[in-house]
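The block underneath contains the structure these notes are about, expressed in structure tokens.
Read the figures in this text as sums done on the coordinates, not as results from a lab. Only a predicted model underlies this, so the values are computations on that prediction, with no experimental measurement involved. Cβ placement follows ideal geometry from the backbone for every residue including glycine, while neighbour counts extend to all protein chains displayed.
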Amino acid sequence: MTDFESRVLSDLAELKSQMCSLLGIGQPGRLSELEASVTRHDRWMSRASGIGAALGVLLLLLHIAVDYLRR
């Protein structure tokens, strides 16, 4: 086996171990953890935007009530 062949085989072994770490071997890998994190973030952003819209409507109603009471 030449030096080139041994280097290619060692690089392939390293690549295989990194892919196993990324995808997981029967256990969730880093990719699954990243997907879960993005899902949690999306859920949080949806809730925050809904709360912001509700607060905006309440603030609008408060301003309308104040303007109505001034007249």
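Would it be correct to say that Glu14 is within 22 Å of the chain's Cα centre (by Cα) and surrounded by 10 or more Cβ atoms within 10 Å (Cβ to Cβ)? Here the answer is no, as Glu14 does not meet what is asked.
Taking the criterion of being of a type outside the set (A, V, I, L, M, F, W, C) and not in a helix (DSSP H, G or I), the residues of region 14-71 that qualify are Gly24, Gly26, Gln27, Pro28, Gly29, Arg71.
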